[in-house]
Amino acid sequence: MKVVLRIVLSCAILSATSLKAQHVPKEVPVASYDEKHRPQFHFSPPTKWMNDPNGMVYYEGEYHLFYQHYPDGTVWGPMHWGHAVSPDMVNWQNLPIALYPDSLGYIFSGSAVVDWKNTSGLGKNGQPPLIAIFTYHDPKGEKSGRTDYQTQGIAYSNDKGRTWTKYAQNPVVANPGIRDFRDPKVRWDEGTKQWIMVLAAQDQVQFWASKDLKSWQHLSDFGKQFGSHGGVWECPDFFPMKVGNTTKWVLLLNINPGGPNGGSGVQYFVGNFDGKTFRLDDAFAAAVGNEKAVWLDHGRDNYAGVTWSDVPKSDGRRLFLGWMSNWDYANVVPTAVWRSANTLPRTLELRQTPDGYRLAAQPVKELEKLRTQSFALGKTTVNGTLDLTGKLGFVPTQSEVLLELEKPASGIFRVELSNARGERYSIGYNATNNQFFSDRTQSGDLSFSDKFGAKIHVAPRSSKDKTIRLHLFFDVASAELFADNGTTAMTEIFFPSDDFNRISLVAEGKPVTVLKGTMWQLKTIWKSQ
């Protein structure tokens, strides 16, 4: 959505064209999923443009994924809600577009909930409705110079999300005169018996409350004096998490620009909520003052991430998904049939650390069903380059890699992917700086943006453990690192001329002892094998 708005409006939204004239596809487009750079175990749209995941809700055995979608182009345009469902967050079925622009505007990001008690009165036959709440963006209002062109609307479904009806009295939240007023995330708060909405409002968030999802009252504001303010705040999420017997509230907050390695990023806050006001935990407040932030992912390509609502209590996980791109180059990456994919789904855990409460992110266990052939590496000293493709026959495209190594006192350890063209991508650990890093400066096509391959991206290592654990996923055009049991995450995309078909372990400056390694080839989720 979003801050690229002013850049792409003139070329992508066809400003002189009425909404009624936009092409409206009725069926799911056919896609082969074998195009160049196409992810094989990440969700990507069958065709055309995708950005923010939104409306993520679990209901009757299905994980619903809605997403920002422009069905008539591969750049950002008039936003719709695309739709897919999955029984496991891994294997996806594409469904027809759920929500279309109308006379009130484009359908920007938002959320969805199961209205279990039918507080809205929109359910039928004793069954709870699904309620989507989203931002209306009025392009004519923006073009005319008004500030109130973003409002919040709702829609409801009584057939498991297959069809949606927009509420007749939209918008349900009017704009108080704020230019960036969007991305509502809603949850039921059992303690206060009300719906709580967190809403991005320029460079802070607002909290609102409702008894019926239709009438809303403003509660409080948060964020002016905390965290990174290098860009507009977007796509918030708000939920309680337990550490032992203690309950804390977590606020996810996406920002663009201002991310840890440039462009888009996901920061977060931990504190307490009394049903009206969110206040930071004291230790966390000290960590995020004076334009400092705590980041969920230090890579360049995890943005607009939010979590699924209504995951059963018997499951108990907080499940996260992000958009795997960055507004610095999202509109120009070298894909033709579709643009963008999502990150792997992740389980978030809140942990108590010496620095205070921190989130850890790890890949969901359901991904293990993608594993096929496995490869084992015993205790090995790496001195220079160890070619795992030559040694084990292991190919990195569509793979999972789990390595444990003794923390070196100095030097660099990296996992390197390469191809016959001499293109390479590396991800690893720099002991001298105590940082993880991702290096795509020689990874293939860099021509589409001077910001894509300009520098090596880094993430500080916070764990004091003498064993470094690297959990890596490599798809056709992406890498995701979950280090030290999820303490540090990095997500990066790349575009080699030919798929990377070799993988090596490289130690520079000093030998590194790998204690053990396990690798798996991963099957595609899109084609039968």
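The values are calculated or read from the model by the stated rules, or taken from the named source; none is laboratory data. From a predicted model like this one, the values you see are computed outputs, not experimental measurements. Every residue, glycine as well, gets a Cβ built from its backbone with ideal geometry; the counts of neighbours run over all protein chains shown.
Looking across region 65-80 at every residue that is out of contact with any His (no Cβ under 7 Å at 6 or more places or on another chain) and within 14 Å of Asn342 (Cα to Cα), the one that is surrounded by the fewest Cβ atoms within 10 Å (Cβ to Cβ) is identified as Leu65.
Scanning region 329-345 for residues that are among the polar types (S, T, N, Q) and either touching a Ser or Thr at 6+ places or on another chain (Cβ under 6 Å) or at pLDDT below 95 (or both) turns up Ser340, Thr343. Entry remark, region 403-418: residues being surrounded by fewer than 19 Cβ atoms within 10 Å (Cβ to Cβ) and closer than 29 Å to Asp445 by Cα number 1 in total.
Can you find a residue that is in contact with a Cys (Cβ under 9 Å, 6 or more places away or on another chain) and buried (at least 21 other Cβ atoms within 10 Å of the Cβ) anywhere in region 90-105?
No; the residues of region 90-105 include none that is in contact with a Cys (Cβ under 9 Å, 6 or more places away or on another chain) and buried (at least 21 other Cβ atoms within 10 Å of the Cβ).
Note on region 454-470: among residues that are outside any strand (DSSP E or B) and not charged (D, E, K, R), the one that is farthest from Thr432 (Cα to Cα) is Ala454.
Among the residues making up region 329-345, a single one is touching a Leu at 6+ places or on another chain (Cβ under 7 Å) and in a strand (DSSP E or B): Asn342. Out of region 151-182, which residues are among the acidic types (Asp, Glu) and either surrounded by fewer than 17 Cβ atoms within 10 Å (Cβ to Cβ) or in contact with a His (Cβ under 8 Å, 6 or more places away or on another chain) (or both)? Residue satisfying the conditions is Asp159 alone.
With respect to the conditions (1) among the β-branched types (Val, Ile, Thr); (2) at pLDDT 95 or above; (3) farther than 23 Å from Gly444 by Cα; (4) in a loop (DSSP other than H, G, I, E, B), Val57 lacks only one, and its number is (4). Output the number of residues of region 419-430 satisfying the condition of being surrounded by fewer than 23 Cβ atoms within 10 Å (Cβ to Cβ) and in a strand (DSSP E or B). Of the residues in region 419-430, 3 are surrounded by fewer than 23 Cβ atoms within 10 Å (Cβ to Cβ) and in a strand (DSSP E or B). Among residues of region 406-434 that are charged (D, E, K, R), those with a beta-carbon under 7 Å from a residue that is in a loop (DSSP other than H, G, I, E, B) and exposed (fewer than 13 other Cβ atoms within 10 Å of the Cβ) at least six positions away or on a different chain give the pairs Glu406/Lys466; Lys407/Lys466; Arg421/Asp498. Of the strands (runs of 3 or more DSSP E) that lie entirely inside region 227-328, those containing 1 or more residues that are over 14 Å from the mean Cα position of the chain (by Cα) and either in the same structural domain as Ala112 (by TED's automatic domain parsing) or modelled with pLDDT under 95 (or both) span 232-243, 246-256, 265-273, 278-280. Picking from residues in region 227-255 that are β-branched (Val, Ile, Thr), more than 13 Å from Leu359 (Cβ to Cβ) and out of contact with any Ser or Thr (no Cβ under 9 Å at 6 or more places or on another chain), the one that is surrounded by the most Cβ atoms within 10 Å (Cβ to Cβ) is Val232. Of the residues in region 132-150, not one is out of contact with any helix residue (DSSP H, G or I) (no Cβ under 9 Å at 6 or more places or on another chain), within 25 Å of Thr343 (Cα to Cα) and either without any contact (Cβ under 8 Å) to a residue 40 or more places away in the chain or surrounded by fewer than 16 Cβ atoms within 10 Å (Cβ to Cβ) (or both). What is the one condition in (1) of a type in the set (Val, Ile, Thr); (2) closer than 29 Å to Asp315 by Cα; (3) exposed (fewer than 13 other Cβ atoms within 10 Å of the Cβ) that Thr381 does not satisfy? The one condition Thr381 does not meet is (2).
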